[in-house]
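The values are calculated or read from the model by the stated rules, or taken from the named source; none is laboratory data. Source: prediction; values computed, not measured. Ideal geometry is used to build each Cβ from the backbone, glycine not excepted, and the neighbour counts take in all protein chains shown.
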Amino acid sequence: MASIPPHVVVRNSAIVGCSMAGSDTVSQHFERAGREDGTWDRVRSLRMGVVGLCMSGPVSQLQHVCLERAFPGVSTGAVIAKVIAGAAIAPATIALNFTGVAVLKGQGSADIREKVTADVAPTWLTGVCYWPFVMALTFRLVPLRHRPLSSAGF
């Protein structure tokens with residue numbers, strides 16, 4: 001299996017960062033609907049974009065490469081193995097994202113630990129109802145170098 005060229009990782013990471021910033025902007029729109037303070041928190045969206053660019057994008061690319069190396073191909077067995085392995089390591093990537101956002105907010109280690117402890121499990125449980133289906137389609141249909149983009153689109 002060929003490695004992913006560095007420019008593809010950079011491009012994918014930039015797109016993931018833009019996707020995360022854009023998704024946060026949309027999320028804020030729905031959060032502030034019906035409230036008097038309807039301002040957009042640009043710093044929050046920027047934080048999400050930075051986490052996507054510097055952490056989520058590269059980690060997602062690495063995760064997809066490692067899963068493909070461990071379970072090569074698009075057979076049903078390989079796809080199922082990748083989905084299970086991806087779900088198993090998801091709590092670590094969720095914790096990494098929460099940590100990145102918290103660090104950029106200037107939170108200390110106690111606050112970060114509290115956030116991770118309180119929110120990783122419920123976030124994972126919510127995601128496990130949705131992501132396995134998306135990931136199965138991604139592993140089956142999307143070329144390795146584009147998989148982080150497919151995931152970012154959902």
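Those residues that are of a type outside the set (A, V, I, L, M, F, W, C) and loosely packed, with under 12 Cβ neighbours inside 10 Å, I need them from region 12-30; list them, please. Quick ask: steps written out before the conclusion?
Taking region 12-30 first, the residues of a type outside the set (A, V, I, L, M, F, W, C) are 12-13, 17, 19, 22-25, 27-29.
Passing the criteria: only HIS29.
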Item to check | Residue tally, condition within 21 Å of GLY52 (Cα to Cα), surrounded by fewer than 21 Cβ atoms within 10 Å (Cβ to Cβ) and among the basic types (Lys, Arg), over region 137-154 | outcome: 1
Checklist entry - Being more than 23 Å from GLY106 (Cα to Cα), in a helix (DSSP H, G or I) and within 20 Å of the chain's Cα centre (by Cα), is that true of even one residue in region 21-43? => result yes
Checklist entry - If THR126 satisfies every condition in (1) closer than 22 Å to ASN12 by Cα; (2) β-branched (Val, Ile, Thr); (3) without any contact (Cβ under 8 Å) to a residue 40 or more places away in the chain but one, which is the exception? => result (1)
Checklist entry - Does MET48 qualify as being buried (at least 18 other Cβ atoms within 10 Å of the Cβ), of a type outside the set (Gly, Ala, Ser) and under 22 Å from LEU144 (Cα atoms)? => result no
Next on the checklist: Anything in region 73-87 that is within 17 Å of LEU141 (Cα to Cα) and surrounded by 15 or more Cβ atoms within 10 Å (Cβ to Cβ)? List them, or say none.
Outcome noted: ALA78, VAL79, ALA81, LYS82, VAL83, GLY86
Next on the checklist: Condition (residue is hydrophobic (A, V, I, L, M, F, W, C), modelled with pLDDT of 95 or more and either in contact with a Gly (Cβ under 7 Å, 6 or more places away or on another chain) or surrounded by 17 or more Cβ atoms within 10 Å (Cβ to Cβ) (or both)) applied to region 35-43: is it met by at least one residue?
Outcome noted: no
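Yes/no per residue for (1) over 22 Å from GLY153 (Cβ atoms); (2) basic (Lys, Arg); (3) modelled with pLDDT of 95 or more; (4) surrounded by fewer than 17 Cβ atoms within 10 Å (Cβ to Cβ):
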{"position": "PRO6", "(1), (2), (3), (4)": "yes, no, no, yes"}
{"position": "LEU53", "(1), (2), (3), (4)": "no, no, yes, no"}
{"position": "PHE71", "(1), (2), (3), (4)": "yes, no, yes, no"}
{"position": "ILE89", "(1), (2), (3), (4)": "no, no, yes, yes"}
{"position": "VAL101", "(1), (2), (3), (4)": "no, no, yes, no"}
